[in-house]
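**Q** I am attaching a structure below and will ask some questions about it afterwards.
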Amino acid sequence: MNIIRVKNARKKLGGKKVLKGIDLHVKKGEIIALVGPSGSGKSTLLRTLNRLIELDSGTVEFNGKKITDLDPVELRRGAVLVPQESVMLQGTVMDNIIYGPKLAGMGNECDIETCLLDVGLSRRFSRRDALKLSGGEKKRVSLARALALKPEVLLLDEPTVGVDPKKVEKMESTILKIAKDRNLTVIWVTHDVPQAIRVADRIANLKNGSVKEVAKTTEFHWEGAY
């Protein structure tokens, strides 16, 4: 079953054609990596999936419904973006994690402790000053903040950029475990093809705003990805 389907997606930014008629489907429960060189349209495509960027033409469907027919708050609760820059709000880690659920009207549904534990942080971490965290810690809190919304889909934009190289594979393992335990679908943007091969079920190769190849990880022709 497809949870997301993109049909003929087109988008211009600053007069430049960034997405040039992209077609892509994402199966429920799978991890699909979007790879390609800088400027290929990966991050733009990711942001169109929950309407943080609106398409000029084409459609995106979420659970069989056009996303333009869905309430934007509900859509962004169901498909949550974890951006490359892990910007923290002023206050504690708890304040940061609870912020999204409060906006979404989830009341007391947010289980902060479980979200922290799932991303590899202790219960006591909730009291830390979010602005004083390391880059890797901010990445984990940003991920916990997304999990607090109880999404069906995680939209990850370069989730290990800025993480200590020695800890990258540990971060990958954390995300894979979360996806499995919570039965999440993950769309993972990365410039790192070996990483995509490690984490994904399928890989979509974007070049100049178009999808050049979509293949199972074991069949992906990664030598031509750039």
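The values are calculated or read from the model by the stated rules, or taken from the named source; none is laboratory data. Here the structure is a predicted model, which is why all the values come from computation and not from measurement. Here the Cβ is made from the backbone with ideal geometry for all residues, glycine too, and neighbour counts use every protein chain on show. Remember, those area values only see protein heavy atoms, side chains included, never the ligands or the DNA or RNA. Shrake-Rupley method; radii C 1.70, N 1.55, O 1.52, S 1.80 Å.
**Q** Using only Cα atoms, find the angle between the long axis of helix 168-182 and the longest principal axis of the chain, and express it within 0 to 90 degrees, rounded to the nearest 10.
**A** Once rounded, one gets 90 degrees.
**Q** Antiparallel as a % of all DSSP beta bridges within the chain, to the nearest 5?
**A** Details: 23 of 40 bridges.
Within the chain, antiparallel bridges account for around 60 percent of the total.
**Q** Please quote Rg/Rh for the range 118-226 to two decimal places, taking the Kirkwood radius as Rh and restricting both calculations to Cα atoms.
**A** Rg/Rh: 1.00.
**Q** Calculate how large, on average over all directions, the projected area of the Cα convex hull of the range 1-99 is; give the answer in nm² to one decimal.
**A** The directionally averaged projection comes out at 7.6 nm².
**Q** At 7 Å along Cα-to-Cβ for each site, give me the label-to-label distance between Met106 and Glu213 in nm.
**A** 3.8 nm
**Q** Can you give me the accessible area per residue for the range 74-196, using a 1.4 Å probe, in Å²?
**A** 48 Å²
**Q** What number comes out for the charge environment of Ile67, summing +1 per Lys or Arg and -1 per Asp or Glu over other residues with Cβ under 11 Å away? Mind showing how you got there, number by number?
**A** Numbers: positive: Arg5, Arg51, Lys65, Lys66, Arg76; negative: Glu54, Glu61, Asp69, Asp71, Glu74.
Once positives and negatives cancel, what remains is 0.
**Q** Moving on. Using alpha carbons only, how many degrees (0 to 90, rounded to 10) separate the axis of helix 135-147 from the longest principal axis of the chain?
**A** 80 degrees
**Q** A further question on this structure: Quick one: angle between helix 93-103 and the longest Cα principal axis of the chain, in degrees between 0 and 90, rounded to 10, please.
**A** So the helix axis and the longest Cα principal axis differ by about 60 degrees.
**Q** While we're on this one: In debye, nearest 20: dipole of the chain around its Cα centre with unit charges on the Cβ of K, R (+) and D, E (-)?
**A** It works out to roughly 260 debye.
**Q** Here's another thing I want to ask about it. Grab the other residues whose beta carbon is less than 9 angstrom from that of Asn183, score K and R as +1, D and E as -1, and report the net.
**A** Details: positive: Lys28, Lys180, Arg182; negative: Glu152, Asp181.
After counting each charged neighbour, the total is +1.
**Q** Return a whole-number percent for the relative contact order of the range 33-119, with Cα pairs under 8 Å and 6 or more residues apart as the contact set.
**A** Details: 42 pairs, mean separation 15.1, N = 87.
Over the range 33-119, the number comes to 17 percent.
**Q** Farthest toward the dipole's positive end in the range 78-226, which of Asn205, Val153, Phe220, given Cβ charges of +1 (Lys, Arg) and -1 (Asp, Glu) about the Cα centre?
**A** Val153
**Q** Here is a follow-up. Report the net charge of residues surrounding Leu34, where surrounding means a beta-carbon distance below 11 angstrom and charges are Lys +1, Arg +1, Asp -1, Glu -1. Walk me through the numbers on the way to the answer.
**A** Working: positive: Lys42, Arg202; negative: Asp157, Glu158.
Taking every other residue near Leu34 into account, the sum is 0.
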